[in-house]
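Nothing in this text is a laboratory measurement; each read-out follows from the coordinates by a stated rule. As the structure is a prediction and not an experimental result, all values here were calculated from the model. Glycine gets a Cβ as well: all are built from the backbone with ideal geometry, and neighbour counts include every protein chain shown.
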Amino acid sequence: MAKFKMHMLVCGGTGCRASASDMLFDNLKKELQEQGLQDEVQVVTTGCFGFCEKGPIVKMIPDNTFYVSVEPGDAKEIVAEHVVKGRRVERLLYVDPVNKKQIADSKGMGFYKKQIRIALRNCGLIDPENIDEYLAADGYEAMGKVLTEMTPEDAIQEMIDSGLRGRGGGGFPTGVKWQIASKVSADQKYVVCNADEGDPGAFMDRSILEGDPHSVLEAMVINGYCIGATKGLIYIRAEYPLAINRLKIAIKQAREYGLLGKDILGSGFDFDVEIRYGAGAFVCGEETALIHSMEGERGEPTFKPPFPAQSGYLGKPTNVNNVETFANVPVIYNKGAKWFAGIGTEKSKGTKVFALAGKINNVGLIEVPMGITLREVIFEIGGGIKDGKKFKAVQTGGPSGGCLTEKHLDTPIDFDNLLAVGSMMGSGGMIVMDEDDCMVAVAKFYLDFTVEESCGKCSPCRIGNKRLYELLEKITKGQADKEDLDNLRNLCMVIRDTSLCGLGQTSPNPVLSTMDNFMAEYIAHVEDDRCPSGVCKDLIRYEIIPENCVGCTACARNCPVNCIAGERKQLHTIDQSLCIKCGACLEKCKFNAVAII
Amino acid sequence: MTKIKSLADLKKIKGDLQSKIALREKSDKPEGRVIVKVAMATCGIASGSKDVMEYLVDELDKRNIDAIVSQTGCMGYCYAEPTIEVTLPGNEPVVYGYVDLKKADEIIEKYIRNQELVDGIIPVNYQTIEKDKED
């Protein structure tokens, strides 16, 4: 069997394929064959490199040369020069946009810097059920350093200097939060990890707990030492069974090593962690509601102040941080606040993990430095929009956030910029939408979620959101008039200004931001009884285009309500009175003879 | 398990573990061991990574290949689950996506046995903290 001396990796991601990478692949193979090198050099296709802007990409192994914008016609030159003569094809090398230098080795390229894994540093690298692998990866060293070499005050100062802000959505400076809790005196304090990840489409916290549970435990001990708490509680939703299981294993192993429990590492400091289960209510991500839920009360928020730092779990001072926030903590002590503060923007330091979902090619978990643009996230790391469709909007911040559009693509992502453009960071869900998505229907989807998840304690949220939903439903049914749009906006303002907690205060955001950015779509629904994207069922109908119909009967055979009539090889017709608008006919027609009108 | 009693203790254990792992993974002897990591987070398991992991354990054993198969968390490539990372002795790790049983078989026969790459590699496109240290 032949052993290959060299490999050529040709990107087969959707973006590169659209610019003829498959033809390039064939040409490279052909060229190698002609030179009789097919047994020495292997050509393989890969997944997306996350650099679609410069595609197609070819990477040579073992020398790591990275060619960009390679056309099918370049195959000959690459084989003749690089493979045969061992000389790089200079003109195909990547040129650094900043210093205009050609970069040959992919490791020195800027695009690797688009993702820096800090919170996800061990995810996908270590076995989460084996504490030894975590220890080998610097695990618990930050804790050891803080507990034995630093005073709580110094450790808090380090956290403040790092500029880390809460990753659960609010963006409150973590060090300041710790400081406040540390200054309240009490016989007992608590550290709480908020693992009640509730945004639709978000799965960052789950992935961290499943991939690296010890990093959270380590950070909780550090947090306990800083504020003077000896007990930690992890509030996690019961629908994350794998994360719970791995946490349990991690806690057990940490106790066996004495990394949790009494007199940790001979420092005289005691700390232990327990798990509390939530029933999966969205409002329990709000810290006061979360605390009530842990106490066995209804998961309802209460007015702040008093803040949990003053009176939290069982009336004792409590510091609540989110999973991803905690996952950042050990690295900050290992590498220093200065290092951490060197990443990101002026007011938002470090990285953020996003769960990329929706109409995007590379659905997945990414960790990017603050200040990266939406364009880089969506079109490079995310590999662009599915099926070559047009980008329409991206929803960040879940039901509390808003939709950002094309004009925001070059806005650097950080806490303050996202707020300024009418959305928010939220916990990190990022749902990408294309031209086929109706923005009124999107707003309705989020309101449906909020109505379901409102705890019902305050009337603006309980009743107001229900009325908002009804107004949106009226619009999507084509029964609304212009006055309803004014009412919609007014109601949004009232809910935002008068709700008790963050859930209600932010629930109108999806409506407001879609109204701000896509008013034309609202007006089309209201004035012309038309859904421009063809989504709202009451405003569309399916019709057969006579010129295209060949009478193949595919639509009629697949119609679940048998409302399509027509003989073989004759024009078919849809009985509109029976049609349920499921779209099966459109999907099955191979002749573009079914259209949404 | 013995308790770790001090920071010095912890650092010593870390050193031991690291050299143990390095010995296991970085041995450049041709007969050194193959390391296979399977992404076993919810997304991976939902796409069948558990079956793939069991298959790999069984088949590598049956085919007399000295390999360590271990589980790990989400690698982030949820669109291409199940994903596995294969490290051949003396080589950089390679991540494969969309690994079903058929693909797993191909990876064993072609890549692990013959060091012949298989289609479906997922290029690493992020920086780790360690790499940053070297800058």
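Expressed as a rounded percentage, what relative contact order does the range A:467-566 have, with Cα pairs under 8 Å and six or more residues apart?
Rounded, it is 26 percent for the range A:467-566.
Take the alpha-carbon centre of the range A:407-464, take the same for the range A:300-378, and report the distance between them in whole Å.
After rounding, the separation between the Cα centres reads 18 Å.
Of the lysine pairs in the range A:439-527, how many meet both conditions: Cα atoms under 16 Å apart, and a spacing of 8 or more in sequence or different chains?
Within the range A:439-527, the lysine pair count is 6.
Would you mind checking the range A:189-212 for residues with the amide N under 19 Å from a putative spin-label position 7 Å along Cα→C-beta of A:Ala279?
A:195-199
Compute and list, largest first, the equivalent-ellipsoid semi-axes of chain B from the alpha carbon gyration tensor, each √(5λ) rounded to a whole angstrom.
Sorted largest first and rounded, they come to 27, 18, 16 Å.
What's the FRET efficiency of A:Arg375 with A:Lys590 using the Cβ-Cβ distance as r and R₀ = 30 Å, to the nearest 0.05?
The pair A:Arg375/A:Lys590 has a calculated efficiency of 0.25.
Tabulate in residue order the Karplus-calculated ³J(HN,Hα) for the range B:106-117, using 6.51 cos²θ - 1.76 cosθ + 1.60 with θ = phi - 60°, rounded to whole Hz; enter x for Gly and Pro.
With coefficients 6.51, -1.76 and 1.60, one gets 4, 5, 4, 5, 8, 7, 5, 6, 10, 6, 9, 5 Hz.
Scan around A:Val273 for amide H atoms under 5 Å from its own, H built in the peptide plane at 1.01 Å from N, and keep only partners 5 or more places away or cross-chain.
Long-range HN contacts for A:Val273: A:Gly232.
Using a 10 Å cut-off on Cβ to Cβ distances, tally the other chain neighbours for every residue of A:143-150 and report the average as a whole number.
Partner Cβ neighbours, averaged per residue: 3.
7 Å from Cα along Cα→Cβ at both A:Leu419 and A:Met519: what's the point-to-point distance in nm?
2.6 nm
Using the crude model of +1 on Lys and Arg Cβ and -1 on Asp and Glu Cβ, and no other charge, please compute the dipole size for the range A:6-113 relative to its Cα centre, in debye to 20.
That gives the range A:6-113 a dipole magnitude of about 400 debye.
Ignore the peptide's own chain and count Cβ atoms of other chains within 10 Å of each Cβ in B:61-72; give me the average, rounded.
So the per-residue partner count for this stretch is 2.
By a straight-distance test (C-alpha under 12 Å), which aspartates and glutamates pair with A:Lys101 as possible cross-link partners, with residues fewer than eight away in the same chain excluded?
A:Lys101 reaches A:Glu90.
Classify the range A:398-479 from the C-alpha gyration tensor, please: rounded if a/c falls under 1.5, else prolate or oblate depending on whether a/b exceeds b/c.
Oblate is the answer for the range A:398-479, as a/c is 1.5 or above yet b/c matches or exceeds a/b.
Could you sort A:360-370, A:183-193 so that the peptide with the highest average Cβ count within 10 Å comes first and the rest follow in order?
Descending packing order for the listed peptides: A:360-370, A:183-193.
How do A:His292, A:His572 rank when sorted from fewest to most other Cβ atoms within 10 Å of their own Cβ?
The most exposed by this proxy come first: A:His292, A:His572.
What is the Cα centroid distance between the range B:35-88 and the range A:24-72, reported in whole angstrom?
With the range B:35-88 and the range A:24-72 each reduced to a Cα centre, they are spaced 27 Å.
Return the loop-located GluC sites (Glu not before Pro) in the range A:278-331 (DSSP other than H, G, I, E, B) with at most 16 other Cβ atoms within 10 Å of their own Cβ; answer none if there are none.
A:Glu295, A:Glu297
Round to a whole angstrom and tell me the spacing of the C-alpha centers of the range A:150-189 and the range A:542-561.
Here the answer is 65 Å between Cα centres.
I need the shape label for the protein assembly as shown. Rule: rounded when a/c is under 1.5, else prolate if a/b > b/c, else oblate, with a, b, c from the alpha carbon gyration tensor.
Oblate is the answer for the protein assembly as shown, as a/c is 1.5 or above yet b/c matches or exceeds a/b.
Based on other C-beta atoms within 10 Å, arrange A:Ile180, A:Ile291, B:Ile121 from fewest to most.
Ranked by crowding around the Cβ, least crowded first: A:Ile180, B:Ile121, A:Ile291.
Please identify which residues in the range A:498-519 have an amide N closer than 16 Å to a label point set 7 Å out from the Cα of A:Asp486, following the Cα→Cβ vector.
none
Sequence neighbours fewer than 8 away in the same chain don't count; with that in mind, list the aspartates and glutamates whose C-alpha is under 13 Å from A:Lys30.
Candidates past the 8-residue exclusion: A:Asp22, A:Asp39, A:Asp74, A:Glu77.
Report the number of Lys pairs in the range B:28-125 whose alpha-carbons are under 18 Å apart, with separation of 8 or more residues or on distinct chains.
Lysine pairs satisfying the spacing and distance rule in the range B:28-125 number 10.
Explain nothing, just the number: relative contact order of the range A:314-434, from Cα pairs under 8 Å at least 6 residues apart, as a whole percent.
Averaging sequence separation for qualifying contacts and normalising by length gives 25 percent for the range A:314-434.
Determine, from the Cβ-Cβ distance of A:Asp154 and A:Ala18 and an R0 of 56 Å, the FRET efficiency 1/(1 + (r/R0)^6), rounded to the nearest 0.05.
The value I calculate is 0.55.
Put +1 on the Cβ of every Lys and Arg and -1 on every Asp and Glu Cβ in chain B; which of B:Gly15, B:Ser47, B:Val86 then has its Cα farthest towards the positive end of the dipole?
Among B:Gly15, B:Ser47, B:Val86, the one farthest towards the positive end of the dipole of chain B is B:Gly15.
Among residues other than A:Ile574 whose Cβ falls under 9 Å from its Cβ, what is the net charge (Lys/Arg +1, Asp/Glu -1)?
The answer is -1.
How many lysine pairs in the range A:236-371, separated by 8 or more positions in sequence or lying on different chains, have Cα atoms less than 21 Å apart?
Value for the range A:236-371: 9.
If packing is taken as the average number of other Cβ atoms within 10 Å across a peptide's residues, how do A:584-592, A:531-539 rank, most packed first?
A:531-539, A:584-592
Rounded to the nearest 0.05, what FRET efficiency do A:Thr411 and A:Lys248 have when you use their Cβ-Cβ distance and R0 = 45 Å?
Working from the Cβ atoms, E equals 0.60.
Hey, what did chain A get for relative contact order, percent, Cα under 8 Å, at least 6 apart?
11 percent
HN-Hα J couplings of the range A:26-42 from phi, Karplus 6.51/-1.76/1.60, θ = phi - 60°, integer Hz, Gly and Pro as x?
Each residue's phi maps through the Karplus curve to give 4, 4, 4, 4, 4, 4, 4, 4, 4, 8, x, 10, 4, 8, 9, 10, 10 Hz.
Cross-link partners among aspartates and glutamates for B:Lys20, C-alpha distance below 13 Å, same-chain residues fewer than 8 apart left out?
Filter leaves A:Asp132, A:Glu133.
Enter the mean number of other protein chain beta carbons within 10 Å of the beta carbon of each residue in A:129-136, as an integer.
So the per-residue partner count for this stretch is 5.
Starting from the 7 Å offset along Cα-to-Cβ, what nm value, one decimal, do you get for the label separation of A:Arg530 and A:Gln479?
2.3 nm
Fewest to most neighbouring Cβ within 10 Å: what's the order for A:Val561, A:Val320?
If I rank by nearby Cβ atoms, fewest first, I get A:Val561, A:Val320.
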